[in-house]
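Structure first, commentary second.
What follows is calculated from the coordinates using simple rules that are stated; it is not laboratory data. In this text the structure is predicted, and so the values were computed from the model without any measurement. Quick reminder, even Gly has a Cβ in these numbers, built from the backbone with ideal geometry, and neighbours come from all protein chains shown.
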Amino acid sequence: MLWLCLRLPLLPLDVFVQNNLAETITAHQPAATMERHRVLVCNTSAAEMGVKPGMSLTTAQALCSEARIFEQDTGRESHALQTLAYSCYRFTPTVVLCPPDSLLLEIGGCLKLFRGLQRLLKMINQTAIDHGHKHMVGFAPTPKAAALLSCVELTHIEPNHVEMNSLTFFNPTTGALNSKETFEQYLHALPLAALDCSKQLKDKFRATGFNCLGDLLRLPNAALGKRYGKDFLVYLKQLTGEQADPQQAIELPPQFEGTLEFNDGIISTEMLAFPMKHLLLSLSGYLHGRQLHCSQIRWVMGLSSIGLSSSGSSSMELGGKNTREIILHFAQPHNSLEHFLSMSRLKLDNLVLRSPIESLSLYAERLHQAEQKNVDLFGPQADSISSNNEHINNGHSNNDNLVMILDKLRTRLGEDSVYGLDVADSHIPEQAWQTAPLNSITRSKIPAVSTASALSSTSNKPPTRPLWLLQNPTPVRVSGQRLYWRGELELLQGPERIEGNWWQAAISRDYFVARHHNGALYWLYRDRLDNSWFIHGLFG
Amino acid sequence: MNKNLSALLARPDIWQASASSQQTHGLDTGYPALNKDLHQGGWPPGAVIELLSDEFGIGELNVLLPTLVQCARQNQKLVFVSPPYMPYAPAFRDTGIPPEQVVVIQTRSAIEQLWAVEQLLRGDVAGAVLCWLAHGAANHHQLRKLQLAAQASRGMAVLFRPARSAAEASPAALRITLSPTPVACRLHILKQRGGWAGQVVDIAYPNDLTQAQIPGADLPVHRPVSSPAQKPLNKFMAPDFDEQGGWTTYLLDEQFDVFPDKSHPEIDNILH
């Protein structure tokens, strides 16, 4: 067992920086989050000005007047933590939520798949950075020890600088401890202030003269239990691995939904881009984790009631709240973040906001089992299996590209504006064809060759049909013994009699090939029921 | 020749009027006469082709049909952007294009139209993109954008435009006006990048269409007694499928044709 604890020390601040595009906070702008008028966390720029956690609001503002101050929002924090947990689910099936600010991942079982600790750690780092978090990690054979180590400042890592103390105790390929003794020595030297126990207990330790963990672990269990309580004894035993420490791993829900609330209300569609990306990132992590693809997503925007004009065709009353829905269909189910994002942006372009958006929800509808792409076991791609989560969408075939572009066109131009063609089983010309939905045309892989070979035998030649069909036949004027449609028409061939459909609206027609006086060829018919003439097609 | 000069002349973007070399990297049109007049030996790939005509039903698709069939056989999609009428699936099937290879895109405005074509060309996802533009729907800048997008694609990019657009300058690599004659669609090459323009080619209609039958006597049929087109009708051969399922074409009779066949070496000599 090898546990990794991913701790997000600035989580109360991160959640505001992520969603707040109205006033973008750069890394240099001081910012802090308050809890009951006390500084809970602050960023490095604020810390440089002298702001410290625990400081009162007035002191902090006196030290650093330009700092952005936020009130703590635990709802957002737990949502952000859950989003990150979904994304981490693709690294290991054992992801444990440890509120308020950390995740535990059991990575001992998946080192082989990701080819070593260093590579896996890089990917986990990147995931945390993508989600906009500053993070610290700790490694240990027990969950409690990992959590303890992640608190220690030494293990703080820079994005591209993977070097930390607790990692060096483990074999990079197997994840086993190199030497149990050295690791225990390291644990024993840890300061007691980092322990996950109450402040009173820590005060007691200090009063007794205990400074590091080793001081406590050297004492007999019975004496510790008597002085500091049974619970603390259990904690210490679980820390060292003497006692089992069962963890409750997250399970992905059967349906995905995510919601973000905005305090200020969003008034422009550009500002929606970031929260959208955040929700889609969460969706993408969820889909990867459950190995699903999605063919339809639904955005629901909660609009505030102020400034809403009464005539909003797509806004509706739902539980006393105005909402607006955007539904995106995809020709083929997929789980690509970029594709979700670009399609959502396209839809945003057409959106006109009449009132501020207070909340944004994302629902994934129509989930499909992902079609796993097979890779050659001995082929050149065998290496890349471990990273296929990232790269599975980069190896687009031409067909995938077509699907993406047709999706894009359909999103911008409207649902019904992109379609395929198909023949229908009918001898009545206007019923002999039909439109085909996109997913059927993009899936056809084998071109039909039988029709071409059938053509070469002239004995079985199909009847003449025009390449253009008029959806509504145009009447042709009959004058004397002549036919006129934008000029005189001359019949060349025919008649070909087509009758039928007596059970609905009976038709009886004689079809002719006609030539316009300028040379164009048309497909005409005479309705035998009322003797009128129509143009039904053009020989393009 | 000067060494520098010969190096300069070897550049592919320098065109010499005296060079009559037929390059062969064009897409086969299926009509030998047309292939001969297109200096790349066929439709230029990765470039915009403009077909200018006011009429529909004059065999404008028939001109492209052999190439489209080839595309469809290679499992490439044919995309019709805002076609003037509905492409009729049974007819496409009969000519050898499986209907599922055809994608139709309807647009509401010229801006959407140009955007859709550009997306399709940039993505290089279709064997052929055919688009019907109204007069004045695209300015020179927009056409140039399409031409640049087409360079990213390996397929055909065809714009159908009204005949009066011929008067406007266009960055398209190939511009051809189409006009109907009683038996053929007449192609007049207006502009050809890197080659001579001005050639006229007739692409005959399929002969099973233009072969006149005698309709029933009770029909209101106009039968001109001395129509110049009526008499030689049956003498003409039109493009048709041969036994292998490929395309063969037959040139028109010389009395109707303004350009010579290979079987007239004396005229060839005069021309070259």
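Rounded to the nearest Hz, the phi-derived 3J(HN,Hα) couplings of the stretch B:111-122 under the Karplus curve 6.51 cos²θ - 1.76 cosθ + 1.60 (θ = phi - 60°) are 5, 4, 4, 5, 5, 4, 4, 5, 4, 5, 6, 5, where x marks glycine and proline. The listed peptides B:32-43, B:52-63, ordered by packing as a protection proxy, come out as B:52-63, B:32-43 (highest mean of other Cβ atoms within 10 Å first). Counting, for every residue in B:62-71, the Cβ atoms of other protein chains within 10 Å of its Cβ and taking the mean gives 1. Here the stretch B:67-98 is scanned for amide nitrogen atoms under 20 Å from the site 7 Å beyond the Cα of residue A:505 along Cα-to-Cβ, giving B:86. Whole-percent P(r), the stretch A:468-538, all Cα pairs, 10 Å bins from 0: 21, 56, 20, 4, 0. Here's how it looks for residue A:293: its modeled amide H is under 5 Å from those of A:368, A:369, A:370, which are all 5 or more places away or on a different chain. For the stretch A:177-199, backbone nitrogen atoms closer than 18 Å to the point 7 Å from residue A:211 Cα along Cα-to-C-beta are found at A:185-195.
Among the residues of A:322-332, the average count of other protein chain beta-carbon atoms within 10 Å of the residue beta-carbon is 0.
Modelled label positions at residue A:223 and residue A:178, each set 7 Å beyond Cα in the direction of Cβ, lie 3.4 nm from each other. With a/c under 1.5 counting as rounded, go ahead and sort the stretch B:142-187 into rounded, prolate or oblate using the C-alpha gyration tensor (a ≥ b ≥ c being the square roots of the eigenvalues; past the cut-off, prolate if a/b is larger than b/c, else oblate). Since a/c reaches 1.5 but b/c is at least a/b, the shape of the stretch B:142-187 is classed as oblate.
Amide hydrogen proximity for residue B:42: with H placed 1.01 Å from N in the peptide plane, the residues at 5 or more positions away or on another chain lying under 5 Å are B:26. Near the amide H of residue A:132, within less than 5 Å, lie no amide hydrogens of residues on another chain or at least 5 residues away, with H placed in the peptide plane. Taking the charge dipole of the stretch A:164-311 about its Cα centre, with +1 at Lys and Arg Cβ atoms and -1 at Asp and Glu Cβ atoms, the residue from A:224, A:263, A:284 reaching farthest to the positive side is A:224. Estimated at 0.36 nm per residue, the fully extended path between residue B:9 and residue B:25 surpasses their Cα-Cα distance by 3.8 nm.
Which ordering of A:516, A:37, B:188 is given by a fewest-first count of other beta-carbon atoms within 10 Å?
Details: A:516 23, A:37 11, B:188 16.
With the sparsest Cβ surroundings first, the list reads A:37, B:188, A:516.
Backbone phi angles across the stretch B:140-154, fed through the Karplus curve with coefficients 6.51, -1.76 and 1.60 (θ = phi - 60°), yield HN-Hα couplings of 4, 4, 5, 5, 5, 4, 5, 4, 5, 5, 5, 5, 7, 10, 9 Hz in residue order; Gly and Pro are listed as x. In this label model, residue A:434 and residue A:242 are separated by 7.5 nm, measuring between points 7 Å along each Cα→Cβ vector.
Taken residue by residue and averaged, Cβ atoms of other chains lying within 10 Å of the Cβ of A:489-497 number 5. Taking a ≥ b ≥ c as the square roots of the Cα gyration tensor eigenvalues, with a/c under 1.5 meaning rounded and otherwise prolate when a/b beats b/c, else oblate, which class fits the stretch A:178-224? Prolate.
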